[in-house]
């Protein structure tokens with residue numbers, strides 16, 4: 001992965017804006033930002049961000065590559081879409097932040113162990129297995145993401161909530177052995193692999 | 001009246017034994033009464049939801065959603081795709097629109113789809129269940145089926161994020177959409193005015209950033225209490241789960257005594273249409289509304 005990062009640095013030299021435009025989903029919109037700050041003021045987790053979208057966009061233009069890719073900012077997006085509907089220049093801000101998160105993750109520059117980064121990967125891996133999300137396995141994987149001991153603690157802390165969901169028939173303990181799945185889960189796996197291959201080729205990633 | 005047919009995309013949380021299984025229970029009778037026929041898309045898959053982007057990238061997510069659109073196009077031709085889940089709807093609609101706008105993405109997506117033996121021509125519209133109710137049935141149509149008005153029930157209509165943004169319901173504002181309040185009034189209840197109608201519950205970050213999300217949830221529930229609501233009602237599966245489930249966690253941490261029922265609009269409608277507790281999926285709630293149960297038992 002760091003190899004991918006070195007290749008990207010060599011390919012784009014110091015032109016980080018061009019790198020973002022070519023390789024990040026909706027990255028070609030970044031230059032349209034006029035720095036009004038409405039996105040920063042609209043974000044529900046705004047106070048928790050290391051950098052607001054407004055700052056991230058200016059940092060991209062200023063070529064602050066490491067600071068942007070290592071920022072935890074993109075991982076604080078709740079996908080509420082407040083920024084997207086309020087942006088006076090109609091930048092698809094939510095998509096750009098998602099795209100930056102994905103790109104930083106691909107280059108392995110994103111903060112290690114960043115909780116949303118970790119669960120985003122768990123979620124995707126979970127859904128790719130069968131074509132559908134297994135909520136029980138996903139919850140357990142999240143509890144145990146920081147090791148076994150912490151996992152038991154997390155599971156115990158959420159035990160009462162979990163049991164009330166089981167009682168309400170909204171969490172099925174039997175999902176641990178199989179559970180819901182698509183009939184054509186193998187076709188779905190092949191489809192996703194092919195899509196990823198096309199995208200990698202298009203964006204100049206070498207595997 | 002002839003039944004209106006739709007290609008139904010339930011989504012992962014609406015499966016049997018999953019976190020929104022009572023939502024699907026509650027729309028059964030509502031759809032019957034309103035002559036809505038939901039035809040489940042065969043072998044539908046996950047949409048990737050709000051955090052699929054982290055690992056998934058763009059084209060894999062488009063392919064996932066295009067597979068559902070292609071399955072609907074092939075098996076249920078001419079029918080709009082309808083989902084009750086805002087995340088499913090958002091992902092599917094976004095895909096349909098992007099593929100429509102960008103012929104290169106459409107071509108690439110179809111190369112990927114071929115691996116699953118499918119192709120998508122672009123002829124399916126993705127809609128939210130609430131759009132079907134408002135645009136195809138109408139408020140008058142919804143009201144016509146009410147046999148037990150939910151009189152005296154004060155409700156905070158919680159629209160949340162993804163039913164409202166970035167697409168929203170046609171003709172409604174992003175900052176103060178009125179349709180959910182109108183739906184509440186349509187079934188005879190009172191919609192209270194409060195300031196957290198479109199506040200984010202934290203979404204998927206309820207798992208990864210629990211403190212920050214629980215602050216959002218606490219604000220929403222407390223504002224509903226402060227404005228006299230006895231219940232929160234939402235069109236969103238994740239809003240419902242987050243706002244209901246984490247109240248006990250907030251109570252444990254902060255010594256609060258939050259116990260606000262959080263229901264789906266479809267549960268209200270089913271009760272108002274004469275359905276019992278079971279038909280309305282009321283047994284699927286963790287925090288119960290005695291008033292709604294009493295009306296259902298009348």
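No lab work stands behind these numbers, since they all come straight from the coordinates. Quick caveat, the model's predicted, so the values are computed rather than measured. Quick reminder, even Gly has a Cβ in these numbers, built from the backbone with ideal geometry, and neighbours come from all protein chains shown.
Applying 1/(1 + (r/R0)^6) with R0 = 35 Å to the Cβ-Cβ distance of residue B:176 and residue A:32, what FRET efficiency is obtained, to the nearest 0.05?
E between residue B:176 and residue A:32, to the nearest 0.05, is 0.80.
Any idea what the relative contact order of chain B is, in percent, if you count C-alpha pairs under 8 Å spaced at least 6 apart? Walk me through the numbers on the way to the answer.
Details: 524 pairs, mean separation 57.4, N = 298.
Rounded, it is 19 percent for chain B.
Which ordering of A:30, A:9 is given by a fewest-first count of other beta-carbon atoms within 10 Å?
A:9, A:30
For the stretch A:2-112, rounded, prolate or oblate, judged on the Cα gyration tensor with a ≥ b ≥ c (square roots of eigenvalues), a/c < 1.5 rounded, else prolate if a/b > b/c? Don't skip to the end; give the middle numbers.
Values: a/c = 2.02, a/b = 1.51, b/c = 1.34.
It is prolate, given that a/c is not under 1.5 and a/b is the larger ratio.
Please compute the length gained on full extension between residue A:176 and residue A:146, using 0.36 nm multiplied by the number of residues separating them and subtracting their Cα-Cα distance.
8.8 nm
Measuring from label point to label point, each 7 Å out along Cα→Cβ, what is the residue A:14 to residue B:32 span in nm?
Here the modelled spin labels are 7.1 nm apart.
Going from the alpha-carbon gyration tensor of the stretch B:4-128, what semi-axes, largest first and in whole Å, does one get by taking the root of 5 times each eigenvalue?
Calculated on Cα positions only, the semi-axes equal 25, 17, 11 Å.
Rounded to the nearest 0.05, what FRET efficiency do residue A:197 and residue A:6 have when you use their Cβ-Cβ distance and R0 = 22 Å?
FRET efficiency, residue A:197 to residue A:6: 0.55.
Relative to a virtual label point 7 Å from the Cα of residue B:125 in the Cα→beta-carbon direction, which members of the stretch B:159-195 show backbone nitrogen distances below 17 Å?
Taking a point 7 Å out along Cα→Cβ of residue B:125, the residues of the stretch B:159-195 whose backbone N falls under 17 Å are B:167-172.
What 222 nm value per residue comes from the helices of chain B, counting each DSSP H run with n ≥ 4 as -39,500 (n - 2.57) and dividing by all residues, nearest 500 deg cm²/dmol?
Per the formula, -13000 deg cm²/dmol.
Between residue B:276 and residue B:259, with labels modelled 7 Å along Cα→Cβ, what's the label distance in nm to one decimal, could you check?
2.6 nm
Between the stretch A:74-94 and the stretch B:263-296, what's the alpha-carbon centroid distance in Å?
35 Å
For residue A:66 and residue A:89 in the same chain, what is the full-extension length gain: residue separation times 0.36 nm, less their Cα-Cα distance, in nm? Spell out each step's value before the answer.
On the way: separation 23, 0.36 × 23 = 8.28 nm, distance 2.67 nm.
Result: 5.6 nm gained on full extension.
Using a 7 Å offset from the Cα along the Cα-to-Cβ direction at both residue B:39 and residue B:147, what is the distance between the two label points in nm, to one decimal?
For the pair residue B:39/residue B:147, the computed spacing is 2.9 nm.
Among A:66, B:35, what is the fewest-to-most ranking by other Cβ atoms within 10 Å? Walk me through the intermediate numbers first.
On the way: A:66 12, B:35 15.
Taking fewest neighbouring Cβ atoms as first place, the list is A:66, B:35.
Would you please state which residues of the stretch A:185-207 a label at residue B:107 would reach in this model, taking the label point 7 Å out along Cα→Cβ and a backbone N cut-off of under 12 Å?
No residue qualifies, since no backbone N sits under 12 Å from the label point.
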